[in-house]
Amino acid sequence: LSAGGSRSPEQLAELVGMDLADPGFWDSGLDLVENQLAEAEALAG
């Protein structure tokens, strides 16, 4: 948490093995949201 104010989002993501410049990173995040939305819609009937 202490690095949050002194490093860029790109640098912080790199520390945990993520590349924010990789379109696949964003695609997987959107896929997750899409799946959660579909599940919520199914539960709502």
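Every residue, every condition in (1) charged (D, E, K, R); (2) touching a helix residue (DSSP H, G or I) at 6+ places or on another chain (Cβ under 9 Å); (3) outside any helix (DSSP H, G or I), yes or no:
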| position | (1), (2), (3) |
| --- | --- |
| Gln11 | no, yes, no |
| Ala21 | no, yes, yes |
| Phe25 | no, yes, no |
| Asp31 | yes, no, no |
| Leu43 | no, no, no |
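Identify all residues within the stretch 22-45 that are more than 12 Å from the chain's Cα centre (by Cα) and surrounded by fewer than 10 Cβ atoms within 10 Å (Cβ to Cβ); write none if there are none.
We begin by selecting, within the stretch 22-45, every residue more than 12 Å from the chain's Cα centre (by Cα); these are 34-45.
Listed by number, the residues that qualify are Ala40, Glu41, Ala42, Leu43, Ala44, Gly45.
Bear in mind that the values in this text are calculations on the coordinates, not laboratory data. Since the structure is predicted, the reported quantities are computational estimates derived from the model, not experimental observations. Backbone-built Cβ (ideal geometry, glycine too); neighbour counts: all protein chains shown.
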